[in-house]
Amino acid sequence: MKILVQKFGGTSVKDEESRLAAEKHIVHAVSAGYKVIVVVSAIGRLGDPYATDSLLELIGGARSYLDLREKDMLLSVGETISAAVFTNGLKKNGLTAVGLTGQDAGIVTNEEFGNAKVQRIETEHIFAHFKMNDVVVVTGFQGISESGHITTIGRGGSDTTAAFLGAAFKAESIDIFTDVSGMMTADPRLVDKAKFLEVVSYREVSNMAHEGAKVIDPRAVEIAMQSGIPLRIRSTHQPVTNTGTLVTHIESQIEHYRLVTGIAHVPNLVQFNVQASRKIQEAVFTSLAELNISVDFINIFPDHIVFTLPQTALEKAQTILNEQDAAYTLIENCAKVAIVGAGITGVPGIISNMITTLDKHNIPIYQSADSYTTVWILVAEKDLKVAVNALHTAFLQN
């Protein structure tokens with residue numbers, strides 16, 4: 001049995017026109033002899049009645065009185081509605097299809113509500129349905145705990161669901177359909193000269209996703225990489241013959257050597273510079289973790305620490321620092337810019353090129369860090385567009 005996994009995001013199932021465009025890709029796969037596992041997200045985005053953020057607004061968002069289990073009960077509804085509506089359209093147009101919830105599909109998780117971890121996929125459930133159907137539509141983002149509670153697996157969870165199903169069923173490919181044609185060298189909304197990437201490595205895409213590229217959830221890339229299953233990032237609204245960006249671990253499939261693969265960014269950050277002893281440093285990080293606040297871009301010194309947080313965490317972080325009587329300064333409205341590329345490992349001159357490029361545009365660098373495949377800098381958000389375009393020109397248009 002040849003199996004493909006196709007995942008369609010919220011904008012790909014938001015209306016009849018989009019669902020029909022998605023259906024063409026499914027029909028093409030079935031006609032090629034595949035059984036298809038389709039994973040769907042909730043319909044649309046904030047403002048659409050069944051989108052995840054719209055459901056959150058029904059309970060007051062962050063001011064909700066529900067516990068995490070009850071919140072999962074609510075948020076799982078979006079994908080359930082989407083799967084039923086999508087399956088109805090497939091059946092209406094003559095495909096043999098069945099819709100399944102996470103529980104029906106055998107997706108078993110732990111009980112870390114709101115960010116549950118998939119423990120296993122009981123494959124016999126979907127295999128049984130493939131006896132009578134060419135297409136199985138599965139709700140993304142949700143599963144069932146051992147004790148029978150509905151769980152959700154975090155934002156980007158539909159990508160993760162697709163990856164886990166692809167791994168469990170040894171699919172030939174996991175296709176992630178979005179409203180863009182594939183991976184680009186930068187966000188085309190900021191960089192007019194951003195280029196389409198035909199082939200990238202798992203690690204490069206994972207790093208790009210971690211650093212702000214919203215095309216795919218990095219957890220899904222990690223799962224596919226561990227399983228050795230090719231990923232494709234494709235557009236729902238382009239022809240079925242357009243195969244998008246191939247994500248692979250096979251270096252020979254990357255057509256030519258490149259120093260830098262792409263430039264990603266994360267806006268809406270605030271930088272803290274805290275003068276504190278090691279004891280207070282430990283207390284600050286512990287308190288932030290207890291509030292589920294993710295600290296990023298960390299530099300630790302004997303007498304002070306520098307780190308960034310999302311702008312939304314500003315007040316909570318200030319409360320913690322004040323409680324510890326820690327002296328600190330902060331810079332609001334920052335953005336992190338990352339240069340990503342497997343080719344930069346061990347290559348001299350990357351940092352000097354960055355500094356020279358930004359200096360030409362009078363853009364201060366507040367902070368920097370690097371790894372084997374990524375270099376990060378922190379700049380003022382007002383300088384973000386100029387910084388990303390200048391670096392794109394310096395590293396990707398020569």
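For segment 67-117, the average shadow cast by the Cα convex hull is 3.8 nm², which is a quarter of the hull's surface. The per residue volume of the convex hull around the alpha-carbon atoms of segment 205-336 is 162 Å³. Summed over the residues of segment 127-169 and divided among them, the accessible surface reaches 32 Å² per residue at a probe radius of 1.4 Å. Solvent-accessible area per residue in segment 187-239 equals 45 Å², computed with a 1.4 angstrom probe and all protein chains kept. Along the chain, counting only chymotrypsin sites (Phe, Trp or Tyr not before Pro) with a DSSP assignment other than H, G, I, E or B and at most 14 other Cβ atoms inside a 10 Å radius, the longest segment between sites is 66-256. Rounded to the nearest 10 square angstrom, Met208 shows an accessible area of 10 square angstrom against a 1.4 Å probe. Across the chain, the volume of the C-alpha convex hull divided among the residues equals 152 Å³ per residue. Work from the charge dipole of segment 10-131 (Cβ charges, +1 for Lys and Arg, -1 for Asp and Glu, about the Cα centre) and give the residue of Val98, Ala32, Phe113 farthest towards its positive end. Most positive-ward Cα: Ala32. Using the 1.4 Å probe convention, the accessible area of segment 52-103 works out to 53 Å² per residue with neighbouring protein chains retained.
Note on the chain: with neighbouring protein chains present and a 1.4 Å probe, carbon and sulfur make up 53 percent of its accessible heavy-atom surface. For Thr178, the amide hydrogen comes within under 5 Å of the amide hydrogens of Arg234, Ser235, Thr236, counting only partners 5 or more places away or on other chains and with H modelled in the peptide plane.
Give me the percent relative contact order of segment 225-338, please, defined on Cα pairs under 8 angstrom at least 6 residues apart. Over segment 225-338, the number comes to 31 percent. Sorting Lys2, Lys7 by accessible area puts them as Lys2, Lys7; the probe is 1.4 Å, largest comes first, and only protein heavy atoms count. The string of couplings for segment 217-224 from the Karplus curve (6.51, -1.76, 1.60, θ = phi - 60°) is 6, x, 4, 5, 5, 4, 5, 5 Hz, one whole number per residue in order, with x for Gly and Pro.
Inter-label distance, Asn115 to Glu290: 1.7 nm, where each label sits 7 Å from its Cα along the C-beta direction. Of the GluC sites (Glu not before Pro) found in segment 222-306, the ones in coil according to DSSP and having at most 13 other Cβ atoms within 10 Å of their Cβ are Glu255.
Using DSSP to define loop residues, name the trypsin sites (Lys or Arg not before Pro) in segment 110-172 whose beta-carbon has at most 10 other beta-carbon atoms within 10 Å. Those that pass, being in a loop and sparsely packed, are Lys131.
Sparse packing (at most 16 other Cβ atoms within 10 Å of the Cβ) combined with a DSSP loop state is found for the following trypsin sites (Lys or Arg not before Pro) in segment 13-73: Arg45. Leu378 sits with roughly 0 Å² accessible to a 1.4 Å probe, with DNA, RNA and ligands left out of the calculation.
Remark on segment 126-269: hydrodynamic radius 16.4 angstrom, per the Kirkwood mean of 1/r across alpha carbon pairs. For the chain, find the longest principal axis of its Cα atoms and tell me its angle to the long axis of helix 68-92, 0 to 90°, nearest 10. For 68-92 against the chain, the angle is about 50 degrees.
Positive-end ranking of Met73, His149, His237 along the dipole of the chain, with charges on Cβ about the Cα centre, is headed by His237. Each Cα pair under 8 Å and six or more residues apart adds its separation to the average, and for the chain the resulting relative contact order is 13 percent.
With a simple spin-label model that places each label point 7 Å from the Cα along the Cα-to-Cβ direction, the separation between Glu332 and Ser64 comes to 2.8 nm.
Here, segment 1-134 yields an orientationally averaged convex hull projection of 8.4 nm² when only Cα atoms define the hull. Dividing the summed -39500 (n - 2.57) terms of all DSSP H runs of n ≥ 4 by the residue count of the chain sets its mean residue ellipticity at 222 nm at -10500 deg cm²/dmol. Equivalent-ellipsoid semi-axes for segment 1-43 (Cα gyration tensor, √(5λ), whole Å, largest first): 20, 11, 5. The Kirkwood radius of segment 304-391, taken over pairs of alpha-carbon atoms, gives through the Stokes-Einstein law at 10 °C and 1.306 mPa s a diffusion coefficient of 108 µm² s⁻¹. If you run the Gaussian network model on the chain, springs between alpha carbon atoms under 10 Å, then out of Gly61, Gly262, Gly114 the most flexible one is Gly61.
The values are calculated or read from the model by the stated rules, or taken from the named source; none is laboratory data. The shown structure was predicted, so the numbers you read here are calculated from the model rather than taken from an experiment. Every residue, glycine as well, gets a Cβ built from its backbone with ideal geometry; the counts of neighbours run over all protein chains shown. Note: areas computed on protein heavy atoms with side chains; ligands, DNA, RNA excluded. Shrake-Rupley method; radii C 1.70, N 1.55, O 1.52, S 1.80 Å.
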